[in-house]
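Take a look at the structure below.
The values are calculated or read from the model by the stated rules, or taken from the named source; none is laboratory data. As the structure is a prediction and not an experimental result, all values here were calculated from the model. Note: ideal-geometry Cβ built from the backbone for every residue, glycine included; neighbour counts use all protein chains shown.
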Amino acid sequence: MVRKNIILSSLLLGLVSASPLHQKRQDLPIDSYDESVAAGADSTDSPPVGDAVPQIVESFDADAVVADITAAIVDTPPAEAQASTDAPPEVITVNLKRSTNVARADAPATSCISRTYNGPQVAFPDTPEAFTGFAGFSAAAIDATKAANVPSGYAVVPNFVDLKVLGQDKSYITYTSSKLTGYDTKKCAAICDTTAGCTSFNIYYERVPLEISKATQVPDAALGCPGNADAASATLIKCAFYGMPLVASSAKSPAYQFQGKAFKVVYAGSTAFTKSAGPSVDGFQGPITFGKAAINAPAPVIDHGFLRSQTFGTNVPFAPELCAASCKAQTEYNALHNTNKGQACVFFNAYIMYKNGKDGVFTCAYYGVPYGVSYAKNTGQKDNSGNVWTIDSSFGYYLPGNFVSK
């Protein structure tokens, strides 16, 4: 069962009089961004070294989150003296705290073993430098990005090809090594497709110590496998899975780590792939691709169907089904309280918002009027502190009968 923590802004669903929304364009919900980043701050952002025992496997239960989102909207009383022409509700920030399902290890052993590995050995010489410079790793990574080899439904992440660092993102879900027998991007894509919330993956080679404790899968000096600097290595091929689309700035992990006394763990051939289209959502038409732009409703936006915006914690995957549930709940709320002129939510724009190109936050904007691609004009903005806010992976979803393509 997924554990959740929902953080609501002040004056949740209460309306603010004399809102600037009556006078200006539809700005991005940048005021809630830092809160969303903080909400996912304690989440793991990259896979562990080696094969961790026990292995932590994250799970995403959309239904459990939907229930909390719906309750937060429908059960919230309106502000006093609220009029149907008042401004839209303030932003709601939802933080998903995913549970961990622990895969138990075998009973503790008291000896060292040679680990199971699935990658080619680089033994002449067996050094970190030889590993990161091995031409075979680069060749495999580059070959995987050729059009014929890219998994169906995925795209290569620009500038995230054949690197020596890994992806880091708070939407990290889990990883696999044991399910791979080679540098197999199509196998990784198939696993991503069956993993709840998965949107992208990072495949790479990892240099790890060959001799490890059977119980813990890491070096143990007391058992005679200390992990010295000159210890023999093994190669793991891994795929790490993420709930948000990886981008070039996601490649920011340390270039190396140490295990045991002084064994240097390094990486090679690190390449990322992300889904090339937005997921479909039950009960909604679309998605229509808006690319790197969000909808910018005409001003004053309150009179042109804009209802509200919503941001999610950085550990929440790109999951438009959450927005669909929130959209439906907003319709119920508006009808019950005559909020936003009683408008039904008929369209939402799901996208990712970045601050200075980093830490993407899943965001949704809701509307009582459907808008097509010709209104996707908000490619970002700059605040008074000099921060640059940009958009990516923007898609539109429509209730049947409200579909607009232009």
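Of all the residues in segment 251-284, those that are in contact (Cβ under 8 Å) with a residue 60 or more places away in the chain and touching a Lys or Arg at 6+ places or on another chain (Cβ under 9 Å) number 12. Scanning segment 195-227 for residues that are surrounded by fewer than 20 Cβ atoms within 10 Å (Cβ to Cβ) and within 18 Å of Pro47 (Cβ to Cβ), we see that the one that is nearest to the chain's Cα centre (by Cα) is Ala196. Check Gln343 against each of (1) buried (at least 18 other Cβ atoms within 10 Å of the Cβ); (2) at pLDDT below 95; (3) over 25 Å from the mean Cα position of the chain (by Cα); (4) closer than 30 Å to Phe60 by Cα and name the one condition it does not meet. Against the list (1) buried (at least 18 other Cβ atoms within 10 Å of the Cβ); (2) at pLDDT below 95; (3) over 25 Å from the mean Cα position of the chain (by Cα); (4) closer than 30 Å to Phe60 by Cα, Gln343 comes up short only on (4).
Please state which one of Ile295, Ile302 is touching a strand residue (DSSP E or B) at 6+ places or on another chain (Cβ under 8 Å) and either aliphatic (A, V, I, L, M) or touching a residue at least 40 places away in the same chain (Cβ under 8 Å) (or both).
Working: Ile302 fails: touching a strand residue (DSSP E or B) at 6+ places or on another chain (Cβ under 8 Å).
Selected residue: Ile295, the only one of Ile295, Ile302 that is touching a strand residue (DSSP E or B) at 6+ places or on another chain (Cβ under 8 Å) and either aliphatic (A, V, I, L, M) or touching a residue at least 40 places away in the same chain (Cβ under 8 Å) (or both).
Tallying residues that are in a loop (DSSP other than H, G, I, E, B) and either surrounded by fewer than 23 Cβ atoms within 10 Å (Cβ to Cβ) or aromatic (Phe, Trp, Tyr) (or both) within segment 228-244 yields 5.
Return the residues of segment 370-395 that are assigned to a loop (DSSP other than H, G, I, E, B), in contact with a strand residue (DSSP E or B) (Cβ under 8 Å, 6 or more places away or on another chain) and surrounded by fewer than 20 Cβ atoms within 10 Å (Cβ to Cβ); say none if nothing qualifies.
Going residue by residue through segment 370-395, those that are assigned to a loop (DSSP other than H, G, I, E, B) are 370-372, 376-377, 379, 383-387.
From what is left, the residues that are in contact with a strand residue (DSSP E or B) (Cβ under 8 Å, 6 or more places away or on another chain) are 370-372, 376, 379, 383, 387.
Correct list: Gly372, Thr379, Asp383, Asn387.
Among the residues of segment 245-267, those identified as part of a strand (DSSP E or B) and closer than 16 Å to Gly50 by Cβ are Tyr256, Gln257, Phe258, Gln259, Phe263, Lys264, Val265, Val266, Tyr267. Quick one: would you say Ser326 is small (Gly, Ala, Ser) and in the same structural domain as Phe290 (by TED's automatic domain parsing)? When the stated conditions are applied, Ser326 passes them. The strands (runs of 3 or more DSSP E) located wholly in segment 161-220 include none with 1 or more residues which are at positive phi, modelled with pLDDT of 95 or more and not assigned by TED's automatic domain parsing to the domain that holds Ala64.
Once segment 122-163 is narrowed to residues that are more than 30 Å from the chain's Cα centre (by Cα) and charged (D, E, K, R), the residue that is farthest from Ser393 (Cα to Cα) is Asp126.
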